[in-house]
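Novice: Pasting a structure below so you can have a look.
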Amino acid sequence: MRKVAIIGVGHVGSTTAYTLISKNIIDELVLFEPREAILRAELNDLMDGQMEQNNQVRLIEPDLAELSDTDIIVFSAGDISIFEGNPDRFAELNLTKKIVEEWAPKIKESGFNGILLNITNPCDVITQYLQELTVFPQERVLGTGTTLDTGRMKHAVSQKLNVHPSAIDGYVIGEHGESQFVAWSSVRIGGVPITDTLSEEKLIALDAAARDGGWVTFRGKGYTSYGIAIQASRIVEAILNNNYLVAPVSHYHPAEDCYVGSPAKLSRQGIMESFPLYLSNAEQVKWQQTIQTIHSMHGTI
């Protein structure tokens, strides 16, 4: 049985739950949410939403004992309202680190022995904090990292060049935040380096378009949910199916002594192998800057 638990059933957690169910990725789902009315509503709505599906996912009442045989925990607890008038990752960290401090001991004491996937922001720092407080092996704790940002980059490039996103190979890496960057030197379109096709000025414009994609969504509806739910579900599916997906997840980099988003191979064991990119000199500078940003945030915990 493919069993997943989601901690935090707000916009992101609930959309991830629905995506996992509708794509038939899981067999059992446990939801944890402190707002009882929201929890009841989501459980009921998710049950209604799968009535015409051939495959029925068993929805389980919140019980920490259920975590002992859960394959993957998706940690999506938080409060998007913290961004109202204050789009600062440091402000968000002040709230979300307290949520981690509440949940990490519970997860550890539950007997959970699976993979912990974090979505909660600031993603890299919170992922590292979860690992530090649970003391789980680093390969078993990862974050969605720059998977969503990479998707936004592919969206922007596909529109600009009028190609299907599947033809685009490349990554946004670094912090899931303002210091992230597109590693343009390794981006390929149908195997052709994008740097052979577009000028530096056009790449800068595309970078800006990719960054702005998230803010377009956030400014319009107050949160983002579909994009990150797809990426989280894709990671969950890769782990459960042991299919060795390579994705820019947040994972521990010994050389940098922190969690940061870059390509890594995923399996039932979590992180199997990191795939460092060959960066240009300018990208190396950006990489060091994003590492410093993560260290600065982590230092405030």
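The values are calculated or read from the model by the stated rules, or taken from the named source; none is laboratory data. Just so we're clear, the structure is a prediction, and the values are computed from it rather than from any experiment. Cβ sites come from the backbone with ideal geometry, for glycine too, and all protein chains shown count toward neighbours. Side chains included, ligands, DNA and RNA excluded: accessible areas come from the protein's heavy atoms. Shrake-Rupley method; radii C 1.70, N 1.55, O 1.52, S 1.80 Å.
Novice: Probe radius 1.4 Å, ligands and nucleic acids ignored: give me the carbon and sulfur share of the accessible area of the chain as a rounded percent. Could the numbers behind the result be given before it?
Specialist: Details: 6850 of 13600 Å².
The computed percentage sits at 50.
Novice: In debye, nearest 20, what is the charge dipole magnitude of the chain about its Cα centre with +1 on Lys and Arg Cβ and -1 on Asp and Glu Cβ, if you could check?
Specialist: Numbers: 24 positive and 37 negative charges, 110 e Å.
In total the dipole reaches around 520 debye.
Novice: Towards the positive end of the charge dipole of segment 3-143, with charges on Cβ (+1 Lys, Arg; -1 Asp, Glu), say which of 115, 50, 16 has the farthest Cα.
Specialist: Comparing the listed Cα positions along the dipole, 115 ranks first.
Novice: If you average the sequence gap of Cα pairs under 8 Å that are 6 or more apart and divide by the length of the chain, what percent do you get for the contact order?
Specialist: Numbers: 550 pairs, mean separation 55.0, N = 301.
The value is 18 percent.
Novice: Now, a different point. Charges on Cβ only, +1 for Lys and Arg, -1 for Asp and Glu, centred on the Cα centroid of the chain; of 281, 146, 157, which one is farthest towards the dipole's positive end?
Specialist: Positive-end residue among those listed: 157.
Novice: Still on this structure: Just 233, 225, 280 to compare: in a GNM of the chain, with alpha carbon springs under 10 Å, which one fluctuates most?
Specialist: 280
Novice: Which longest run of the chain has no exposed loop site in it, a site being GluC sites (Glu not before Pro) in a DSSP loop with at most 16 other beta carbons within 10 Å, and the site itself not part of the run? The partial results should precede the final answer.
Specialist: Details: sites that count: 52, 84, 178, 256.
Result for the longest clean stretch: 85-177.
Novice: I'd like the Karplus ³J(HN,Hα) series for segment 130-143: coefficients 6.51, -1.76, 1.60, θ = phi - 60°, whole numbers in Hz, and an x wherever there's a Gly or Pro.
Specialist: So the J values, rounded to whole Hz, are 4, 5, 5, 7, 7, 6, 6, x, 4, 6, 9, 10, 9, x.
Novice: Next question, about the same structure. Can you tell me the FRET efficiency between residue 257 and residue 166 if r is taken as the Cβ-Cβ distance and R0 is 30 Å, rounded to the nearest 0.05? Kindly include the intermediate steps, with their values, before the conclusion.
Specialist: On the way: r = 35 Å, r/R0 = 1.18.
Calculated transfer efficiency: 0.25.
Novice: Report, by chain and number, residues whose modeled amide H sits under 5 Å from the one on residue 264, excluding near sequence neighbours (fewer than 5 apart, same chain).
Specialist: For residue 264, the qualifying residues are 247, 249, 275.
Novice: Another question, if that's okay. Through the Karplus equation 6.51 cos²θ - 1.76 cosθ + 1.60, θ set to phi - 60°, convert the phi angles of segment 221-235 into ³J(HN,Hα) values in whole Hz; use x for Gly and Pro.
Specialist: 10, x, 6, 10, 8, 5, x, 6, 5, 4, 5, 4, 5, 4, 5
Novice: Give a quick list of trypsin sites (Lys or Arg not before Pro) in segment 1-69 that DSSP marks as loop, anything other than H, G, I, E or B, with at most 12 other Cβ atoms within 10 Å.
Specialist: Working: sites: 2, 3, 23, 35, 40, 58; in loops: 2, 23, 35.
Filter output for segment 1-69: 35.
Novice: Considering amide H positions built from the backbone, and no H for Pro or chain starts, which residues 5 or more places from residue 171, or on another chain, come under 5 Å of its amide H?
Specialist: Sorted by chain and number, the residues that satisfy this are 183.
Novice: Let me ask another. Under a 5 Å amide H to amide H cut-off, with H placed in plane at 1.01 Å, what residues pair with residue 77 once short-range neighbours are removed?
Specialist: 120
Novice: HN-Hα J couplings of segment 68-74 from phi, Karplus 6.51/-1.76/1.60, θ = phi - 60°, integer Hz, Gly and Pro as x?
Specialist: For segment 68-74, the Karplus-derived couplings read 5, 10, 7, 6, 9, 9, 9 Hz, x marking Gly and Pro.
Novice: OK, next. Multiply the residue separation of residue 278 and residue 27 by 0.36 nm, subtract the distance between their alpha-carbon atoms, and state the gained length in nm to one decimal. Write out the running numbers ahead of the final one.
Specialist: Numbers: separation 251, 0.36 × 251 = 90.36 nm, distance 3.97 nm.
In short, 86.4 nm is gained.
Novice: Another one. Be a star and scan segment 171-199 for residues whose amide nitrogen sits under 13 Å from the point 7 Å along the Cα-to-Cβ vector of residue 218.
Specialist: Only 176-180 fall inside the zone, counting backbone N under 13 Å.
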